[in-house]
Amino acid sequence: MPTAVTGPYWQPEIETMPRAELAQLQAGRLQHQVEWAAGSPFYQRLWHGAPVIRTGDDVRRLPFLHKQHLVEAQLHNPPLGDLPILPVEERREVYPVHATGGTVYTVYADVDLARASEIGARILWACGLRPGDLIHNGFKYGLFAGGIFIHRAARAMGAATVPIGTDSVERQMEVLFNFKPAMVVGAPSHVLYLAERIAERGLSPRDAGVRMGLFGAEPGAGEARSRARLEQLFGFRAHDLFGMTEVSTLLAGECALQQGLHWAEDHVLVEVIDPGSLEPSRPGEPGVLVLTDLTRQNMPLLRYWTGDMATLATEPCGCGRTHARSLGGIQGRTDELLFYRGARFYPAQVGRVLARFGNVGEEYRIMLDREPGSWLDQCTLQVEMAPGGLMASFGLEERIRQQLLEETGADIAVQILHYGALGRSPHTHRTVEDRRPRS
């Protein structure tokens with residue numbers, strides 16, 4: 001792996017590559033990947049013969065690959081199905097991915113693990129981490145791949161790691177205040193929980209001296225609100241991170257300018273598809289992320305329908321990186337779509353509305369229920385006041401309700417609760433509680 005010891009880029013020749021050259025690189029890698037994948041019985045069955053690939057746009061000749069395809073293949077031929085291409089002795093790590101209808105297992109080879117470390121090193125470097133810095137790694141270790149992949153990426157670029165995971169609050173505080181790491185990594189809700197427990201003990205998270213935060217694993221506007229709160233509590237810059245175990249646990253991250261997720265386009269081809277027309281979304285318009293592995297050797301996924309919603313911009317960032325970005329990060333998931341009295345909306349839309357009101361906090365719940373003895377659904381939004389805030393001002397609930405109606409088309413009742421009323425957990429919080437009876 002090329003090593004950068006100075007400058008703003010880990011791999012400057014790749015990260016600042018002109019887009020015309022990047023397109024040529026992608027086309028060559030895509031052609032090779034299609035030929036490689038065509039040797040798998042899985043893709044022979046899915047494609048009915050591999051198409052001719054000459055440019056990156058030719059990827060649209062391939063059908064979409066859905067997680068259910070992987071589930072069915074592995075159920076039919078357990079445990080890994082007929083997608084793995086490399087022989088057993090070249091498979092290094094196996095991770096489970098929970099999916100509707102069953103669990104999907106994904107397998108990495110040595111080159112796939114090295115690729116993830118390379119991408120991760122770029123992400124850490126872009127945030128401002130440097131060799132010799134210390135990371136407080138709050139992602140879980142074990143079958144959740146986030147912890148170990150960040151660990152490897154840090155090692156690749158010369159940083160040290162405290163593999164704390166989701167250990168107790170007392171142990172987390174001991175590490176933070178004794179070692180004063182340069183960066184905290186983790187799920188935003190978990191680190192926010194830690195920060196609030198620190199404050200309850202009469203301490204300030206700022207006294208830990210953390211300069212940077214890197215957060216992922218919780219897509220949507222709720223994550224953005226949590227990251228903004230973390231910046232306030234710790235006094236650092238909170239950067240966005242994205243990855244998925246099926247493709248690669250580390251795929252995109254924000255630079256120091258915080259102007260969207262930078263994709264590693266030399267390793268993955270990124271499409272944003274309108275879920276209605278199944279055509280590419282217009283620039284700046286949200287759609288479903290569809291990812292194609294360009295460099296993975298074992299279990300490469302081509303045109304993988306992720307279910308995550310995002311936008312895509314190809315203009316160079318102010319930092320000088322030329323790879324495409326997703327402004328605003330991951331905005332939600334298609335499987336989070338809520339149906340209520342004829343309206344359709346995503347929880348992320350609710351989060352966007354709440355972000356306009358500075359006097360409410362980032363903790364909220366969307367409660368869906370049905371009146372006993374009737375078919376009439378009820379939807380209530382419970383949101384806390386901001387920390388240290390007074391009681392809700394007169395008319396605040398109505399103003400939020402009106403904004404929600406404009407944004408979502410749904411008439412949602414609003415309840416303002418005191419700070420802390422929704423409880424706290426060290427684990428990812430649930431935003432939606434749908435208690436309607438299943439027909």
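The values are calculated or read from the model by the stated rules, or taken from the named source; none is laboratory data. If you're wondering where the values come from, they're calculated on a predicted model, not measured in any experiment. Virtual Cβ from ideal backbone geometry, glycine too; neighbours counted across all protein chains shown. For the accessible areas, the whole protein counts, side chains as well, though only heavy atoms, and no ligand, DNA or RNA atoms are used. Shrake-Rupley method; radii C 1.70, N 1.55, O 1.52, S 1.80 Å.
Can you say whether Ala343 is of a type in the set (Gly, Ala, Ser), over 18 Å from Gly216 (Cα atoms), at pLDDT 80 or above and touching a Lys or Arg at 6+ places or on another chain (Cβ under 9 Å), as far as the supplied structure shows?
no
Of everything in region 53-80, what is over 19 Å from Ala27 (Cα atoms), assigned to a helix (DSSP H, G or I), out of contact with any helix residue (DSSP H, G or I) (no Cβ under 8 Å at 6 or more places or on another chain) and not acidic (Asp, Glu)? Give them in sequence order.
Lys67, Gln68, Leu70, Val71, Gln74, Leu75, His76
When you scan region 286-304, how many residues do you find that are surrounded by fewer than 22 Cβ atoms within 10 Å (Cβ to Cβ) and part of a strand (DSSP E or B)?
Residues flagged as surrounded by fewer than 22 Cβ atoms within 10 Å (Cβ to Cβ) and part of a strand (DSSP E or B) within region 286-304 amount to 1.
Give Leu30, Leu70, Leu62, Leu25 a once-over and let me know the one that is in contact (Cβ under 8 Å) with a residue 40 or more places away in the chain and either touching a Pro at 6+ places or on another chain (Cβ under 7 Å) or over 19 Å from Pro300 (Cα atoms) (or both).
Leu62
Please go through region 276-311 and give me each residue that is hydrophobic (A, V, I, L, M, F, W, C) and within 22 Å of Val350 (Cα to Cα), ordered by number.
Val288, Leu289, Met309, Ala310
Among what's in region 360-385 and is modelled with pLDDT under 85 and more than 25 Å from the chain's Cα centre (by Cα), pick the residue that is most open to solvent (accessible area, probe 1.4 Å).
The extreme case among them is Trp375.
Do we have Arg201 as at pLDDT 95 or above and either open to solvent by 30 Å² or more (accessible area, probe 1.4 Å) or in contact with a Lys or Arg (Cβ under 6 Å, 6 or more places away or on another chain) (or both) here?
Criteria not met by Arg201.
Can you tell me which residues in region 94-120 are among the aliphatic types (A, V, I, L, M) and under 17 Å from the mean Cα position of the chain (by Cα)?
Matches in region 94-120: Val97, Ala99, Ala116, Ile119.
Taking the stated definitions as given, is Val88 open to solvent by 50 Å² or more (accessible area, probe 1.4 Å), under 24 Å from the mean Cα position of the chain (by Cα) and more than 24 Å from Leu269 (Cβ to Cβ)?
The answer is no for Val88.
Among (1) surrounded by 18 or more Cβ atoms within 10 Å (Cβ to Cβ); (2) modelled with pLDDT of 95 or more, there is one condition Gly146 misses while meeting the rest; what is its number?
(2)
Farther than 24 Å from Val272 by Cβ, modelled with pLDDT under 95 and surrounded by 15 or more Cβ atoms within 10 Å (Cβ to Cβ): does that describe Gln11?
no
Under the condition of being more than 23 Å from Leu143 (Cβ to Cβ), surrounded by 14 or more Cβ atoms within 10 Å (Cβ to Cβ) and not hydrophobic (A, V, I, L, M, F, W, C), which residue from region 153-180 is nearest to the chain's Cα centre (by Cα)?
Looking at residues that are more than 23 Å from Leu143 (Cβ to Cβ), surrounded by 14 or more Cβ atoms within 10 Å (Cβ to Cβ) and not hydrophobic (A, V, I, L, M, F, W, C), I get Gly158.
Between a residue in region 398-422 that is more than 9 Å from Val383 (Cα to Cα) and any residue that is among the aromatic types (Phe, Trp, Tyr) and open to solvent by 70 Å² or more (accessible area, probe 1.4 Å), which pairs come within a Cβ distance under 7 Å, given they are 6 or more apart or on different chains?
none
Does Leu113 count as free of Cβ contacts under 8 Å to residues at least 40 places away in the same chain and under 15 Å from Leu251 (Cβ atoms)?
yes
Would you check if there is a residue in region 328-345 being farther than 30 Å from His267 by Cα, assigned to a loop (DSSP other than H, G, I, E, B) and not aliphatic (A, V, I, L, M)?
The answer is yes, given that some residue of region 328-345 is farther than 30 Å from His267 by Cα, assigned to a loop (DSSP other than H, G, I, E, B) and not aliphatic (A, V, I, L, M).
When the residues of region 341-356 are narrowed to those that are among the aliphatic types (A, V, I, L, M) and within 23 Å of the chain's Cα centre (by Cα), which ends up farthest from Ala410 (Cα to Cα)?
By that ranking, first place goes to Ala355.
Answer yes if at least one residue in region 268-284 is in contact (Cβ under 8 Å) with a residue 24 or more places away in the chain and polar (S, T, N, Q), and no otherwise.
The answer is yes, given that some residue of region 268-284 is in contact (Cβ under 8 Å) with a residue 24 or more places away in the chain and polar (S, T, N, Q).
Determine if region 312-324 includes at least one residue that is open to solvent by less than 10 Å² (accessible area, probe 1.4 Å) and part of a strand (DSSP E or B).
no
One line per residue, one yes/no per condition, for (1) modelled with pLDDT of 90 or more; (2) on the phi > 0 side of the Ramachandran plot; (3) touching a Pro at 6+ places or on another chain (Cβ under 7 Å):
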{"residue": "Leu233", "(1), (2), (3)": "yes, no, yes"}
{"residue": "His239", "(1), (2), (3)": "yes, no, no"}
{"residue": "Ala256", "(1), (2), (3)": "yes, no, no"}
{"residue": "Gln259", "(1), (2), (3)": "yes, no, no"}
{"residue": "Ala264", "(1), (2), (3)": "yes, no, no"}
{"residue": "Gly276", "(1), (2), (3)": "no, no, no"}
{"residue": "Gly284", "(1), (2), (3)": "no, yes, no"}
{"residue": "Gly287", "(1), (2), (3)": "yes, no, yes"}
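Scan region 94-131 for residues that are touching a Leu at 6+ places or on another chain (Cβ under 7 Å), open to solvent by 20 Å² or more (accessible area, probe 1.4 Å) and at pLDDT below 90 and jot them down.
Listed by number, the residues that qualify are Pro96, Gly102.
In this structure, is Ile150 within 16 Å of the chain's Cα centre (by Cα) and under 24 Å from Gln258 (Cα atoms)?
When the stated conditions are applied, Ile150 passes them.
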